[in-house]
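Engineer: I am attaching a structure below and will ask some questions about it afterwards.
The values are calculated or read from the model by the stated rules, or taken from the named source; none is laboratory data. Because the structure is predicted, anything quoted here is derived from the model rather than measured. Using ideal geometry, Cβ is built from the backbone for each residue, glycine included, and neighbour counts are taken over all protein chains shown.
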Amino acid sequence: MGSLGNVLVVDREPAIRDLIHRVLQKEGYVVREAACAVEAEEVARRNPLDLIILDRSLPDGDGLKLVQKVSEGFPEVSTLVMTGYGTPEVVLESFRAGAGGILFKPFYPDELLASVRESLLRKRQLKELRRNYWSALRVLARAIDRRDHPSRDHAGRVAEHAVKIGQRLGLQSGALEELRIGALLHDIGKIELEEYLLEKRGPLTSQEFEEVKAHPLLGAQILSLAHFPKGVMEVVLYHHERYDGSGYPFRLAGEQIGRTR
Ligand SMILES: [Fe+2]
């Protein structure tokens, strides 16, 4: 039988790490240990992980900083925060940092196992949802493409280039995801344009060009109805602005583009 999942336990106390290790290993999990955040990051770099169980207070700093790093950089890994202080503030702060669950010390082995199962299950459900979400986005991008760039996967290629540039600029994973979605859907406003504008061969009249120039704004409006994140709407809204100010619809220049961020 394969393992139930790869778990990393981070706590300054060897006795606590050992107890959790034994309980989870007996159940069928592969368990690794770390005594502090730096060690945990080292283990995480070298091993596949599904879940990190960590104490709120680590010898080299606040455990929630590690939770935040994990939830931003490795969204596929779940985190379970252990704490001896069950106050509403601690619970709220943990969830705000991106924790997948909380375990109050001291706990019984059964409580530990139930929390681990629940965290992993929630993560799997989230993964499934994300997969469906991305499939729907790609279908939508393909449908937008077919109106204007039949069979060339224009949106997909724009998204790949945009993300590569974003990575070079050092954007965090959340901003990169918004950039990828915005790039995939950048021309969604064109679904509001008349068919003949997209099919016309030869130059557009100035009146026709004015109509085409509305598509970034129309796209942002469509996405705002579906409550897409602000970053996604900004990519769509500004995708025809140019750094020298010669773009449209607002003729923004330089860092004015996306300044609302
Ligand atoms: Fe466009």
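Engineer: Filter the range 177-222 down to residues that are within 14 Å of the ligand (Cβ to nearest atom) and either farther than 17 Å from F250 by Cβ or among the hydroxyl-bearing types (S, T, Y) (or both), then give me how many there are.
Structural biologist: Qualifying residue count for the region: 13.
Engineer: Tell me which of these M233 doesn't satisfy, since it passes every other one: (1) more than 19 Å from A136 (Cα to Cα); (2) away from the ligand (no atom under 13 Å from the Cβ).
Structural biologist: (1)
Engineer: Search the range 56-97 for residues being surrounded by 17 or more Cβ atoms within 10 Å (Cβ to Cβ) and polar (S, T, N, Q), and hand back the single one that is nearest to I16 (Cα to Cα).
Structural biologist: Across the range 56-97, the extreme among qualifying residues is T83.
Engineer: Follow-up. When residues of the range 235-251 are filtered for being surrounded by 13 or more Cβ atoms within 10 Å (Cβ to Cβ) and within 28 Å of the chain's Cα centre (by Cα), how many remain?
Structural biologist: 8
Engineer: Here's a follow-up. Quick one: A159 ticks every box in (1) in contact (Cβ under 8 Å) with a residue 60 or more places away in the chain; (2) within 16 Å of the ligand (Cβ to nearest atom) except a single one, so which number is it?
Structural biologist: Result: A159 fails condition (1) only.
Engineer: Which ranges mark the helices (runs of 4 or more DSSP H) fully within the range 159-259 that have 2 or more residues being within 30 Å of E72 (Cα to Cα)?
Structural biologist: 173-184, 215-225, 230-237
Engineer: Is it the case, given these coordinates, that E89 is assigned by TED's automatic domain parsing to the domain that holds L112 and without any contact (Cβ under 8 Å) to a residue 12 or more places away in the chain?
Structural biologist: On the way: assigned by TED's automatic domain parsing to the domain that holds L112: yes; without any contact (Cβ under 8 Å) to a residue 12 or more places away in the chain: yes.
For E89, the condition - assigned by TED's automatic domain parsing to the domain that holds L112 and without any contact (Cβ under 8 Å) to a residue 12 or more places away in the chain - is met.
Engineer: I would also like to ask the following. Pairs, please: C-beta under 7 Å, at least 6 apart or cross-chain, first residue closer than 19 Å to I188 by Cβ and in the range 232-261, second of a type in the set (V, I, T)?
Structural biologist: Here the result reads V232/I181; E234/T260; V236/I188; Y238/I257; E241/I257, each pair linking the range 232-261 to a residue that is of a type in the set (V, I, T).
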